[in-house]
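Notes for the one structure printed next.
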Amino acid sequence: MNGAESVVATLVRAGVEVCFANPGTSELHLVAALDRVPGMRCVLCMFEGGATGAADGYARMAGKPAATLLHLGPGLLNGGANLHNARRAHSPILNIVGEHAGYHLQYDAPLTSDLNGIAKAVSGYVATARSAATIGQDAARALAAARTGAGQISTLLVPADAAWSEGGRLADPVAPPPRAKVAEAAIADAVRALAKGEAMLLVGNGAVMRQPLILAAAIARKTGARIASIGRNPRLERGVGTPVVERLPNPAGPQTAALSRIRQLILIGEEVPVAFFAHPDRPSTTTHPDCTILHLASPHDDILDCVTRLAAEVGARAEDVPLQQLARPEISPGALTPDSVAMVLGALLPENCIVADESITVGRSLYAQTVGAPAHDWLHLTGGSIGIGIPMATGAAVACPDRKVINLQADGSGMYTLQALWTQARENLDVLTIVWANRSYKILRDELTNVGLPEPGPTALNMLDLGQPALDWVSLAKGMGVEGRRVEDVTSFAQAVRDGLKVKGPRLIEVVL
């Protein structure tokens with residue numbers, strides 16, 4: 001057994017089932033090991049950002065790590081933007097990154113880089129395998145690090161000579177540390193804060209899964225507090241059978257207004273709400289200056305235990321929480337707008353589907369129109385780095401092959417990683433991609449006023465325009481092996497969605513707005 005074979009065998013033994021790969025020369029012994037060692041599905045991605053984004057989507061739905069296989073420093077850099085999103089999602093991912101053979105580094109070959117420094121920028125844990133004899137154990141430890149808490153990015157750097165040398169050894173799985181329990185004193189502080197009134201439970205990450213969310217809603221109902229989340233959660237369980245939870249708007253101005261009356265903010269699996277960007281003459285935080293903020297549970301804590309204990313302290317019962325009932329909007333013929341496309345999706349979302357949402361500006365109407373749809377999962381853009389939607393949907397479909405995945409995709413950000421459509425076709429993944437073709441970086445046009453530039457000139461406007469020439473998503477999809485169609489009114493959009501939901505396999509709808 002060589003070192004590469006011991007890595008793959010160790011990961012398979014520990015339960016890793018999928019590797020999203022874009023390898024190069026330094027990783028070919030690992031590629032060969034994936035062929036020789038049974039038990040690992042290898043999914044080829046044409047761009048490293050597709051591989052890392054898919055690993056993120058997989059982790060969010062499978063609840064466990066996938067591996068990525070990336071080529072040296074440039075490959076890891078190419079995957080870095082979606083590793084940033086995965087880090088913000090607390091997704092467990094294990095990157096296996098090839099490195100030059102140890103004796104070759106001194107020659108500073110063209111692809112040599114500060115690989116350790118690059119890895120540290122996007123990883124919570126970084127290690128370098130030193131020999132074929134130890135590489136299996138190195139992989140087991142790196143996997144355990146990825147599974148720490150809610151999850152984190154773990155990167156194992158594999159020199160080529162450690163991979164091809166004989167003497168590899170199969171390692172036993174390494175158990176990650178258990179999640180931390182919230183201290184009794186913190187629970188008592190939360191009880192006192194709730195008793196003061198003008199309180200909000202701000203829930204996120206693991207706290208917006210159905211069971212802890214029901215308990216948090218019960219606490220809010222019992223104490224008269226508001227309960228809210230922000231639209232950037234890794235995975236939100238919503239629709240019929242879940243509690244109705246207020247959604248704080250992402251833009252800083254409306255978010256500040258929504259929080260203006262809150263004086264006790266209790267964070268459960270969430271961070272302090274802040275503006276995405278600094279704006280002239282505006283504060284960076286969105287809470288009231290007199291608001292007291294209590295960090296009750298971090299995303300990595302045992303959140304279910306925390307809300308269970310807090311509910312017991314205030315006498316809240318899960319069975320007292322009213323749950324969302326089926327409430328679908330009617331489809332009205334007319335022009336395509338953000339409101340009308342949201343209406344169609346609210347009317348047609350199928351039960352148990354997975355929504356991978358990178359809608360950006362078009363998506364602001366979606367939450368209200370889809371809240372009464374049958375139970376489903378909603379995956380958000382967590383880190384703000386665009387280009388996650390198509391790969392995230394790809395990984396979610398690999399994790400859940402029996403569930404329909406619907407990717408709501410802005411056109412500008414979709415161009416960053418459209419190669420993932422090819423992977424969907426290659427793997428015959430059940431993904432319906434809906435592209436919002438407003439042919440602009442509209443989010444940036446909106447931001448011009450926010451940053452004090454209400455009257456941009458022609459050069460600035462031209463930099464935000466995607467209509468010269470217009471992107472042809474139907475042709476782009478066809479070139480990737482995915483059938484597509486273009487729609488320009490509500491009636492044709494609704495029919496295209498119905499048709500796309502009937503078939504199994506990748507399809508694309510271009511919605512001209």
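The values are calculated or read from the model by the stated rules, or taken from the named source; none is laboratory data. Please read these numbers as outputs of a predicted model, since none were measured by experiment. Heads up, the Cβs are rebuilt from the backbone with ideal geometry, glycines too, and the neighbour counts pull from every protein chain shown.
Observations, loosely collected:
- Near pairs, Cβ below 6 angstrom, 6+ apart or cross-chain, from the stretch 59-77 (more than 15 Å from residue 148 (Cα to Cα) and of a type outside the set (A, V, I, L, M, F, W, C)) to any residue that is in a loop (DSSP other than H, G, I, E, B) and at pLDDT 95 or above: 71/23; 71/24; 73/113
- Pairs, first under 17 Å from residue 397 (Cβ atoms) in the stretch 44-55, second aromatic (Phe, Trp, Tyr) and in a helix (DSSP H, G or I), C-beta under 7 Å, six or more apart: 46/422
- The stretch 370-394, subset among the hydroxyl-bearing types (Ser, Thr, Tyr) and within 20 Å of residue 84 (Cβ to Cβ), residue surrounded by the fewest Cβ atoms within 10 Å (Cβ to Cβ): 385
- Identity of the residue in the stretch 1-37, assigned to a loop (DSSP other than H, G, I, E, B) and more than 18 Å from residue 398 (Cα to Cα), that ends up farthest from the chain's Cα centre (by Cα): 1
A quick yes/no check of all residues on (1) surrounded by 18 or more Cβ atoms within 10 Å (Cβ to Cβ); (2) in contact with a helix residue (DSSP H, G or I) (Cβ under 8 Å, 6 or more places away or on another chain):
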{"residue": "290", "(1), (2)": "no, no"}
{"residue": "296", "(1), (2)": "yes, yes"}
{"residue": "299", "(1), (2)": "yes, yes"}
{"residue": "306", "(1), (2)": "yes, yes"}
{"residue": "327", "(1), (2)": "no, no"}
{"residue": "334", "(1), (2)": "no, yes"}
{"residue": "337", "(1), (2)": "no, no"}
{"residue": "341", "(1), (2)": "yes, yes"}
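- Top-ranked residue of the stretch 241-257 - restricted to ones that are out of contact with any strand residue (DSSP E or B) (no Cβ under 9 Å at 6 or more places or on another chain) and loosely packed, with under 14 Cβ neighbours inside 10 Å, ranked as nearest to residue 287 (Cα to Cα): 257
- Residue that is surrounded by the fewest Cβ atoms within 10 Å (Cβ to Cβ), among those in the stretch 487-513 that are part of a strand (DSSP E or B) and within 27 Å of the chain's Cα centre (by Cα): 512
- Residue match in the stretch 131-139 (condition: in contact with a strand residue (DSSP E or B) (Cβ under 8 Å, 6 or more places away or on another chain) and under 20 Å from residue 267 (Cα atoms)): no
- Residues of the stretch 172-192 satisfying the condition of being of a type in the set (A, V, I, L, M) and either part of a helix (DSSP H, G or I) or surrounded by fewer than 19 Cβ atoms within 10 Å (Cβ to Cβ) (or both): 174, 175, 180, 183, 185, 186, 187, 188, 190, 191
- Among the residues of the stretch 316-355, those identified as farther than 22 Å from residue 228 by Cβ, in a loop (DSSP other than H, G, I, E, B) and over 27 Å from the mean Cα position of the chain (by Cα) are 329, 330, 331, 332, 333, 334, 335, 336.
- Selected residue (criterion: surrounded by the most Cβ atoms within 10 Å (Cβ to Cβ)) from residues of the stretch 395-412 that are outside any strand (DSSP E or B) and touching a Cys at 6+ places or on another chain (Cβ under 8 Å): 404
- The listed residue being in contact with a strand residue (DSSP E or B) (Cβ under 7 Å, 6 or more places away or on another chain), surrounded by fewer than 18 Cβ atoms within 10 Å (Cβ to Cβ) and either closer than 29 Å to residue 361 by Cα or in contact (Cβ under 8 Å) with a residue 60 or more places away in the chain (or both), out of 235, 263, 169, 221: 263
- Residues in the stretch 413-427 that are in a helix (DSSP H, G or I) and within 17 Å of residue 509 (Cβ to Cβ): 413, 414, 420, 421, 424, 425.
- Residues satisfying the stated conditions in the stretch 452-471, i.e. surrounded by 12 or more Cβ atoms within 10 Å (Cβ to Cβ) and part of a helix (DSSP H, G or I): 460, 461
To keep it simple, each residue is scored yes or no on (1) modelled with pLDDT under 95; (2) assigned to a strand (DSSP E or B); (3) over 22 Å from residue 56 (Cβ atoms); (4) within 25 Å of the chain's Cα centre (by Cα).
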| residue | (1), (2), (3), (4) |
| --- | --- |
| 194 | no, no, yes, no |
| 207 | no, no, no, yes |
| 217 | no, no, yes, yes |
| 234 | no, no, no, yes |
| 253 | yes, no, yes, yes |
| 281 | yes, no, yes, no |
| 288 | no, no, yes, no |
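- Selected residue [modelled with pLDDT under 95 and either in the same structural domain as residue 497 (by TED's automatic domain parsing) or under 17 Å from the mean Cα position of the chain (by Cα) (or both)] from 455, 358: 455
- Residue in the stretch 301-321 that is closer than 30 Å to residue 92 by Cβ, touching a Ser or Thr at 6+ places or on another chain (Cβ under 8 Å) and of a type outside the set (Phe, Trp, Tyr) present: no
- Output for the stretch 238-247, where each listed residue is in contact with a Pro (Cβ under 8 Å, 6 or more places away or on another chain) and either modelled with pLDDT under 95 or β-branched (Val, Ile, Thr) (or both): 240, 244
- Hits in the stretch 255-279 (condition: part of a helix (DSSP H, G or I) and more than 24 Å from the chain's Cα centre (by Cα)): 256, 257, 258
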